[in-house]
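Notes follow the structure.
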Amino acid sequence: MIVILKRNAGDEQVQRVVSAIERAGFTAHVSRGEERTIIGAIGTSPQMRPHLMEVFGGLPFVDRVVAVLKPYKLVSMEARAERSVVEVGGVPVGPGHFTVIAGPCAVESEEQVLAAARAVKEAGARMLRGGAYKPRTSPYDFQGMGEEGLKLLAAARAETGLPVVTEARRPQHIEKVVQHADAIQIGARNMQNFDLLTEAGQSGMPVVLKRGLAATVEEWLKAAEYIASVGNPNIILCERGVRTFEQALRFTQDLAIIPLVKELSHLPVIVDPSHASGKRSIVPAVCRAALGAGADGLLVEVHPDPDNALCDAAQQLRPEQFAGLMAQIRKLAAVMGLAV
Ligand code: PEP
Ligand code: MN
């Protein structure tokens, strides 16, 4: 249930509603927008709802009370005064921006990650990606450099100033990622690893939540709710392709879901065209389409020497391809009134 206050309601009134919610045994989540404040009452039972709606609805500074019937509540559009902006190391993801996060699939060496970081920074990316704990389909494939890789990412940030997004594969990885990086990536294969989601939520650090390979939108938003429910609203959703009958590309990029998710949730949504397509010649077109579909940004794989990459060699862009793509993105984003 959410309580939407009138425009002129002040701190004292917010506190009155919060106290009343807590006295009734529920948890209150306050969302302060520029226009108005919305207070969520989490844990209300259907039996209690009519009574609470009457009590809150009768207060002079309350505009209206709405029952959120969706299974995800804190991340739903109804629960917020406006769309969220998630800041990662000072870089905004959300309305008014088209934020490009780029870098190699995996950190492989100091030389490789620094070359990638310099190239993506020069081309205009705002954040660096790179995996140190890789989720690989085969146990015999390169599993990532672990903490050594995180330190190299931190060194790349120190040189370029780009905030770092990197994956935590297990709950135990979160602490290390928090120590060295700026945002925790939850991989597609872990979207429903509820212990990992809770741990990421409790860290308070921004989370990039990939959509599972076969996850419905509702399952994806419920996974986001796990993170939000322990007090972390800093969630960026990432559509990275889903499995369909089609085998021509690695996965099927579900771009129509972008405007839908933006109707259902206030969270920013970005697109990963690299894992969806699996093929570098396809990536730039999907990036342009993602911008057109209303995505808030991209997560793109770029490698200084993709032919010799230790994973995902076929899909990582060459630095010069990425620079060309960014030049196009800047022009298109300007037409749409977005800062890149
Ligand atoms: C990645 O971004 O490096 C990755 C492994 O992606 P996904 O979890 O979407 O497969
Ligand atoms: Mn990859």
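Okay, here's what the table says:
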item: In order through region 133-142: 3J(HN,Hα) via Karplus (6.51 cos²θ - 1.76 cosθ + 1.60), integer Hz, x for Gly, Pro; result: 10, 8, x, 9, 5, 9, x, 8, 7, 3
item: Nonlocal amide H pairs with Val207, under 5 Å, H built at 1.01 Å; result: Ile184, Ile235, Ile236
item: Note, ³J(HN,Hα) from phi for region 65-82, Karplus 6.51, -1.76, 1.60, rounded to Hz, x at Gly and Pro; result: 10, 10, 7, 8, 8, 5, x, 10, 10, 5, 8, 6, 4, 5, 7, 10, 6, 7
item: Karplus 3J(HN,Hα) series, Hz, for region 221-237 with 6.51 cos²θ - 1.76 cosθ + 1.60 (x for Gly, Pro); result: 5, 5, 5, 4, 4, 4, 5, 5, 5, 9, x, 10, x, 8, 10, 10, 7
item: Counted charge near Ile257, where neighbours are those whose Cβ lies closer than 9 Å (Asp, Glu -1; Lys, Arg +1); result: -1
item: List Lys262, Lys176, ordered by accessible area with a 1.4 Å probe, largest first; result: Lys176, Lys262
item: Built amide H within the under 5 Å cut-off of Glu87, gap 5+; result: Val93
item: For the chain, built as a Gaussian network whose Cα springs stay under 10 Å, the top-fluctuating residue of Leu260, Leu74, Leu299; result: Leu260
item: Euclidean distance of C-alpha centroids, region 241-281 and region 81-132, integer Å; result: 19
item: Shape box of region 86-335 [Cα atoms, principal axes, largest first, Å]; result: 40, 39, 37
item: Listed residues Pro319, Pro268, Pro139, most fluctuating in the chain (Gaussian network, C-alpha, under 10 Å); result: Pro139
item: For region 2-69, convex hull of alpha carbons as volume per residue, Å³; result: 75
item: Candidate residues Glu225, Glu148, Glu239: accessible-area rank, largest first, probe 1.4 Å; result: Glu148, Glu225, Glu239
item: Residue of Gly130, Gly33, Gly161 that the Gaussian network model of the chain assigns the largest fluctuation, springs spanning Cα pairs under 10 Å; result: Gly33
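The values are calculated or read from the model by the stated rules, or taken from the named source; none is laboratory data. Computed from a prediction, not measured in an experiment: that's the story for all the values here. Cβ atoms come from the backbone with ideal geometry, glycine included; neighbour counts cover every protein chain shown. When the accessible area is computed, the model is the full protein with side chains, heavy atoms only, and any ligands, DNA or RNA have been set aside. Shrake-Rupley method; radii C 1.70, N 1.55, O 1.52, S 1.80 Å.
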